[in-house]
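Each remark here refers to the structure printed beneath this line.
Only the coordinates and a few stated rules stand behind these numbers; no lab work does. This structure is a prediction, so every number in the text was calculated from the model and none was measured. No Cβ is skipped: glycine too gets one built from the backbone with ideal geometry, and neighbour counts run over all protein chains shown.
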Amino acid sequence: MYQILGYSGFWLLTPQYLSNYQVLTKSCLIRLKMSRNIKALLWDLDGTLIDSLKDVWLAVNHVLESLGLQRIDLHRCRRFIGDGVHLLLKRASMGSLEGRAISEAVDLFIAFYREHLLDNTVVFPGILNVLEDMEVNGIKMAVVTNKTHEIAVEICKRLRINTFMNDNVFGGGYYEEKKPSPIPLLKTAERLQVDPKETIVIGDGVQDIHASKAAGMITTAVTWGNTERERLASLSPEFIVETSEELLSLLRLTL
């Protein structure tokens with residue numbers, strides 16, 4: 001079951017409504033109509049398209065151990081992901097890494113992570129089906145992530161995600177700012193030649209929601225990633241989905 005944010009609060013969209021959404025409340029219908037004729041999807045990467053948590057966690061702990069710092073557990077690492085490697089390592093080190101030390105830590109992280117990109121990382125179940133369906137329907141797509149650009153491109157190539165994006169994969173450092181700034185989303189929409197109002201942003205993070213709203217795009221939050229559902233809901237994205245099947249059903253309604 002997924003939710004649509006109506007003007008008077010959250011409304012449930014049950015499976016029976018998927019085939020006949022005329023029975024929805026007026027406010028829900030307005031949200032659906034506003035979301036029709038979508039031209040593009042901008043995807044986050046980690047926690048949205050791919051489950052990379054374990055490989056990122058192992059790389060973080062490699063850095064911490066190499067620098068004589070305390071390891072962190074998987075759950076804590078999960079909470080730190082989403083804002084790029086610099087902030088990830090700063091948070092993981094509990095603020096111990098600053099200035100030159102953080103730059104050296106980033107180099108250590110990238111060197112180790114490059115050798116272990118896909119040790120445990122996989123595309124989330126059902127996501128390739130969603131990408132294939134949207135491609136067939138002529139929807140333009142791109143990946144916009146805070147993950148280091150070169151690494152994001154490499155992972156998308158090796159997992160064949162880039163083929164659905166027409167190689168439109170933009171990571172941290174490609175643009176002058178990262179999410180939650182709207183700049184990466186707006187510049188990507190410009191590259192795709194689509195109106196921001198006809199674009200859906202799909203992500204699992206707080207930064208995705210903030211960036212999408214600032215860009216004037218439609219926000220869909222997914223709950224299978226690195227942010228708790230309650231936290232996502234508190235930021236009032238237009239849509240919240242819990243499975244790839246629900247996401248596909250929702251996206252088909254916007255075609």
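I want to verify the translational diffusion coefficient of region 156-228 in µm²/s; compute it with Stokes-Einstein, Rh as the Kirkwood radius over Cα pairs, at 25 °C and 0.890 mPa s.
Values: Rh = 12.9 Å.
Diffusion coefficient, whole number: 191 µm²/s.
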Please give the Cα centre distance for region 49-102 versus region 103-121, rounded to the nearest Å. 11
Take Asp119, project a point 7 Å from its Cα along the Cβ direction, then tell me which residues of region 139-168 have their backbone nitrogen under 18 Å from it. 151-152, 155
Just checking my list [x] 114; [y] 145; [z] 132 against volume of the Cα convex hull per residue in Å³ computed from this structure; which label fits? [x]
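If I take every Cα pair under 8 Å that is 6 or more residues apart in the chain, average their sequence separation and divide by the length, what percent do I get for the relative contact order?
Working: 436 pairs, mean separation 66.1, N = 255.
Answer for the chain is 26 percent.
At a Förster distance of 25 Å, what's the computed FRET efficiency of Glu98 paired with His210, Cβ-Cβ distance as r, to 0.05? Walk me through the numbers on the way to the answer.
Values: r = 25 Å, r/R0 = 1.01.
The computed FRET efficiency comes out at 0.50.
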Excluding residues fewer than 8 positions from Lys90 in its own chain, the lysines with Cα under 26 Å of it are Lys54, Lys147, Lys178, Lys179
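Counting only C-alpha contacts under 8 Å and six or more residues apart, can you give the relative contact order of region 53-114 as a whole percent? Let's see the in-between values first.
Values: 50 pairs, mean separation 22.9, N = 62.
In percent, rounded to a whole number, it is 37.
Starting from the alpha-carbon convex hull of region 53-114, give the projected area averaged over all orientations, in nm². Mind dumping the intermediate values first?
Working: hull surface 14.2 nm².
Projected area, direction-averaged: 3.5 nm².
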Using only Cα atoms and rounding to the nearest 10 degrees, what angle (0 to 90) does helix 149-158 make with the longest principal axis of the chain? 70
With an 8 Å Cα cut-off and a minimum separation of 6 or more residues, compute the relative contact order for region 39-164 in percent. 40
Looking only at region 72-110, which residues have a backbone nitrogen under 19 Å from a spot 7 Å from the Cα of Arg231 in the C-beta direction? 72-95
GluC sites (Glu not before Pro) within region 65-168, DSSP loop, no more than 15 other Cβ atoms inside 10 Å: Glu98, Glu115
Using only the alpha carbon atoms of region 129-255, find the Kirkwood hydrodynamic radius as the inverse mean reciprocal pair distance, in angstroms to one decimal. 14.8
Taking region 177-255, which GluC sites (Glu not before Pro) meet the DSSP loop condition and have no more than 13 other C-beta atoms within 10 Å? Glu177, Glu228
